[in-house]
1. List the residue pairs whose Cβ atoms are under 8 Å apart, where the first residue sits in segment 132-147 and is open to solvent by 10 Å² or more (accessible area, probe 1.4 Å), the second is β-branched (Val, Ile, Thr) and within 11 Å of the ligand (Cβ to nearest atom), and the two are 6 or more positions apart or on different chains.
2. If you go through segment 94-123, how many residues are open to solvent by less than 20 Å² (accessible area, probe 1.4 Å), more than 10 Å from the ligand (Cβ to nearest atom) and within 18 Å of the chain's Cα centre (by Cα)?
3. Looking at (1) within 16 Å of the ligand (Cβ to nearest atom); (2) without any contact (Cβ under 8 Å) to a residue 60 or more places away in the chain; (3) loosely packed, with under 15 Cβ neighbours inside 10 Å, which is the only condition PRO66 fails?
4. Taking the condition of a type outside the set (Val, Ile, Thr), open to solvent by less than 10 Å² (accessible area, probe 1.4 Å) and touching a Ser or Thr at 6+ places or on another chain (Cβ under 8 Å), does ALA126 pass?
5. Does segment 152-186 hold any residues that are within 16 Å of the ligand (Cβ to nearest atom) and assigned to a loop (DSSP other than H, G, I, E, B), and which are they?
6. Are there any pairs with C-beta distances below 7 angstrom linking a residue in segment 83-111 that is more than 18 Å from TRP157 (Cα to Cα) to a residue that is assigned to a helix (DSSP H, G or I), with the two at least 6 apart or on different chains, and if so which?
7. Mind checking which residues of segment 157-169 are within 11 Å of the chain's Cα centre (by Cα) and either open to solvent by 30 Å² or more (accessible area, probe 1.4 Å) or closer than 21 Å to LYS127 by Cβ (or both)?
8. Output the number of the condition that ALA90 fails; it satisfies all remaining conditions of (1) open to solvent by 40 Å² or more (accessible area, probe 1.4 Å); (2) out of contact with any helix residue (DSSP H, G or I) (no Cβ under 6 Å at 6 or more places or on another chain).
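The values are calculated or read from the model by the stated rules, or taken from the named source; none is laboratory data. From a predicted model like this one, the values you see are computed outputs, not experimental measurements. FYI the Cβ positions are ideal-geometry reconstructions off the backbone, even for glycines, and counts take in every protein chain you see. The protein model used for the area step is the full one, side chains on, heavy atoms only, and it has no ligands, DNA or RNA in it. Shrake-Rupley method; radii C 1.70, N 1.55, O 1.52, S 1.80 Å.
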Amino acid sequence: MTLRTRTAVVLISLTLFSQVLPVQSASAVDKVLDVCANKSTAKVREITRGTCKYSEWSLGASQIKPGNRYPSAMNPRMANRWYAVRVAAAKAGYTLIMTSGFRRLIDQQYLYKKAIAKYGSKYEAAKSVLPPKFSMHPRGLAIDINRNKGSKSAAKWVELNGWKWGLCRRYDNEFWHFEPLIGPGKQCPPREPNALSAIPDGYWDK
Ligand SMILES: [Zn+2]
C-alpha cells in the first residue's frame, strides 16, 4: 500500500466511524458506568479514588416486582439497569433514548383515555395502553426506548442484549417497551402478544 492509499484508507475509516458511532454524552454517570459495569456480579460500581471498590449500584439479582406503594420516580434498581444498558449500547454503536419511563397515575389515566378515543373501546385501547392500575409505568418498572425517536435498530439491540442487565421486551406489539422481568443474565420469558395479558381474568366482565 502506498502512503497515499494508506492515508486515503485512514481518512475513509475516520469518516465512516464518525457517522456510525453516536455522540456519547459524557455525563459523570456514564463515565462511571462505562468503566465499572460488572455483569458477572450483576452490579454497577461507582469509581472512588481511581478504583471500583466503593458504592456499588445494584441492578438487583432477580425480577423487580412492584412494591405495595406507588413510587414517585423510577425504581432505583430499574434506573441502574437503564444506565448500564445505555452505556453498553453506546459501546456497541447504538444510541438509546428513553422516550417514556416513570408516569404518574394521572399521566397513565390521560394516555388511557386518549387511547380509548383512538381505538373506540377500553378493550381495544388496553392492547397498547393499560388502565393505570395494571401498567408498570406508574410502578416505576417500565421504560420505552426509542419510540418515535432515534433508531428502531437500537431498540432491537436492547431486545437481543437487554437480558444481560435484566431487561426484557414484553409485548409483540411494542418494540420499545421493556420491563425488569428477570435477574441480570437470566433468560427473558416468552413475549406476550399485547398488554391485555397484564389484566387479570374477569376484569372485563365487571
Ligand atoms: Zn411502555
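1. Sorted first by the residue in segment 132-147, then by its partner, the pairs are ARG147/THR99.
2. Here the count works out to 1.
3. Status for PRO66: all satisfied but (2).
4. Working: of a type outside the set (Val, Ile, Thr): yes; open to solvent by less than 10 Å² (accessible area, probe 1.4 Å): yes; touching a Ser or Thr at 6+ places or on another chain (Cβ under 8 Å): no.
When the stated conditions are applied, ALA126 does not pass them.
5. The answer is LEU167, ARG170, ASP172, ASN173, GLU174, PHE175, TRP176, PRO180, LEU181.
6. Matching pairs, first to second residue: LEU105/PRO132; GLN108/PRO132; GLN109/PRO132.
7. Scanning segment 157-169 gives TRP157, GLU159, TRP163, CYS168, ARG169.
8. Among (1) open to solvent by 40 Å² or more (accessible area, probe 1.4 Å); (2) out of contact with any helix residue (DSSP H, G or I) (no Cβ under 6 Å at 6 or more places or on another chain), ALA90 violates only (1).
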